[in-house]
Every structure is written in C-alpha cells, then in structure tokens.
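Just below is one structure, and these are the notes that go with it.
What follows draws every value from the coordinates through simple rules; no lab data is involved. Remember, it's a predicted structure, so these values are computed and weren't measured experimentally. Every residue, glycine among them, receives a Cβ derived from its backbone with ideal geometry; neighbour counts consider all protein chains shown.
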Amino acid sequence: MVSDTYKPEAVNPETLPTPDSNMAQVKNLLFGAEVQELNQKRERLENAFNERLAALEKDFKHQIKALNSDFSQQLTSEKKHSQQDLQVTKQHFQQVEDQLEALTQQQSKNHQQLEDLLHIEISDLNKQMNDQFDQLETLIQQKIDQLHERKVSKEQMADLLMTLAQGIKQSSAE
C-alpha cells in the first residue's frame, strides 16, 4: 500500500551537490573534450619548446666551446709570437750593448794612445827647445866673448841682436 504521505529521508547537506560542483560537471560535459585537447596541445608545445630549448642550449654550448678553443689557440699563438719578438728584441739590444762596449773600449784605447803620443811629442819638443836654447846660449856667449875681445860698436851690437832675434823667431816657428 502506498501511503499518501511522503516522508523524505533525512538528507545530509554535505552529500548534496554544490552549485559549484554542478557547474564544473556542466563545463566538463560541454567543454571537456576541447579543454583536454587544449591541454594536450599545450603539453606538446611545452615538450617541443623544451626540446628546442635544450637543442639551442646544446648548440650554444658547442659554439661557446669552439669559440673558447679558437680564442685559446689565438692567445697561445700571440703569446708565442710575443715571446719570440721579445727574444729577438733582447738579442738585438744585447748586440747593440756589446757593440757599444766594444766601441767604448776602442775609444778608451785610442784615447790612451793619443795621450801617449802627445806626451812623447811634448817630451820631444821640450828636448828640442832645450837643445836650441843651449845652442843659443852658447852662441850668445861666443858673441859676447868676441865682443869683449873686439869692443864692438853699437851698430854691430844691434845687428848681432837682430840676427839672434831672427834665429830665435825661426826656431820657434819650427
């Protein structure tokens, strides 16, 4: 028998669907396939992007490594050339220094030889002057002795002194 009075069972409010969950179910029914397709597309794009990014990163690292290697080789080559140039320059300066030292020694030797020759010349000139002076002194003494013997006149004395002066002048010029 059916009773006309319906007695609802006690409903637990926590078990009742909420308007938000109903909305989510409706959205899922209406757009679920599209959202799932968009999510799959997004995942594929993210994967493709990550793969491309990894490939670019790998290529970039390879290019950096190649550039670093080239740079290191160029740097090593430049360093080697610089060291060679420095060595050549050092050798050149050493040669110039050696030549300068040799020239200094030769100049010193030449200077000493010139000084020695000068001393020899001065000694020879002093000897010649002393010899001429002695000769003049002897000649004057002879003339004085002759004058005493002859008592010469003033004109003869002037001639004698002129002759002596000319003799001195000529011997000085030599």
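Couplings for segment 73-82, taken from phi via the Karplus curve 6.51 cos²θ - 1.76 cosθ + 1.60 with θ = phi - 60°, read 5, 5, 5, 4, 5, 4, 4, 4, 5, 5 Hz in order; Gly and Pro are left as x. Taking 16 Å as the cut-off, the amide N atoms of segment 69-89 that come nearer than this to a point 7 Å along the Cα-to-beta-carbon line of VAL96 belong to 85-89. The convex hull of the Cα atoms of segment 19-173, projected and averaged over all directions, covers 26.7 nm². Couplings for segment 86-95, taken from phi via the Karplus curve 6.51 cos²θ - 1.76 cosθ + 1.60 with θ = phi - 60°, read 4, 5, 4, 5, 4, 4, 4, 5, 5, 4 Hz in order; Gly and Pro are left as x.
Taken about its Cα centre, segment 47-174 carries a charge dipole of about 720 debye when Lys and Arg each add +1 at the Cβ and Asp and Glu each add -1 at the Cβ.
Placing a label point 7 Å from the Cα of THR163 along the Cα-to-Cβ direction, the residues of segment 119-151 whose backbone N falls under 20 Å from that point are 132-151. Size descriptors for segment 98-174, from the alpha-carbon set: Rg then Dmax equal 22.7, 77 Å.
Full extension of the segment from GLN63 to LYS41, taken as 0.36 nm per residue of separation minus the current Cα-Cα distance, would add 4.7 nm. Close Lys pairs in segment 19-173 (alpha-carbon distance under 18 Å; sequence gap of 8 or more, or different chains): 5. Temperature 4 °C, viscosity 1.567 mPa s: under these conditions the Stokes-Einstein estimate for segment 94-141, based on its Kirkwood radius over C-alpha pairs, is 95 µm² per second.
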